[in-house]
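The values are calculated or read from the model by the stated rules, or taken from the named source; none is laboratory data. Bear in mind that the values here come from a model prediction, so they are computed numbers and not experimental data. Note that each Cβ is placed from the backbone with ideal geometry, even for glycine, and that neighbours are counted across all protein chains shown.
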Amino acid sequence: MTRTVLFLGLGVAFLCGISASAHHSQAAQYDTSKKVSLEGTMVQFQFRNPHSFLQVEAPDDTGQVVRWSIEWGGSGQLTGQGVTRTTLKYGDVVTITANPSRTPNDHKLHMLTLRRASDGFGWGTRPGEVVD
């Protein structure tokens, strides 16, 4: 009996130590059949896992300047593609191509490409892709 409880306890401890790996579908949140482009000023860059985010102020369809939340890859993935926490800075003017949110008027996007005209920096949809 004691041995059974010991093995059961060790089994539970082992299973609790395994990290769960789950991910949501981009297609569930974003309309991957559509692409939008916007040019605006970056006001925040959250370089983190599991996803990094850019906050960009740019006009919406009506011309009113709003804050857009743009979901990007995780910090580990982006680091492997040459992007670091200092790559983008407050005030950078960026042009972004992205998939729009499936929820109308929530100003959320999923990044496909990024271009900073001031120095020619570009990030594409595939590792190593250069955006002109």
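When each of 78, 15 is tested for being surrounded by 18 or more Cβ atoms within 10 Å (Cβ to Cβ) and modelled with pLDDT under 95, the lone residue that passes is 78. In summary, residue 118 fulfils each of the numbered conditions (1) closer than 20 Å to residue 27 by Cβ; (2) over 11 Å from the mean Cα position of the chain (by Cα); (3) not basic (Lys, Arg) with the single exception of condition (1). Only one of the numbered conditions (1) farther than 13 Å from residue 36 by Cα; (2) touching a residue at least 24 places away in the same chain (Cβ under 8 Å) is violated by residue 97, and that is (1). Pairs linking a residue in region 45-67 that is over 17 Å from residue 94 (Cβ atoms) to a residue that is of a type in the set (Phe, Trp, Tyr), with Cβ atoms under 9 Å and 6 or more positions apart or on different chains, are 51/72. Between 32, 84, 62, the distinction of being within 18 Å of residue 124 (Cβ to Cβ), exposed (fewer than 12 other Cβ atoms within 10 Å of the Cβ) and not small (Gly, Ala, Ser) belongs to 84 only.
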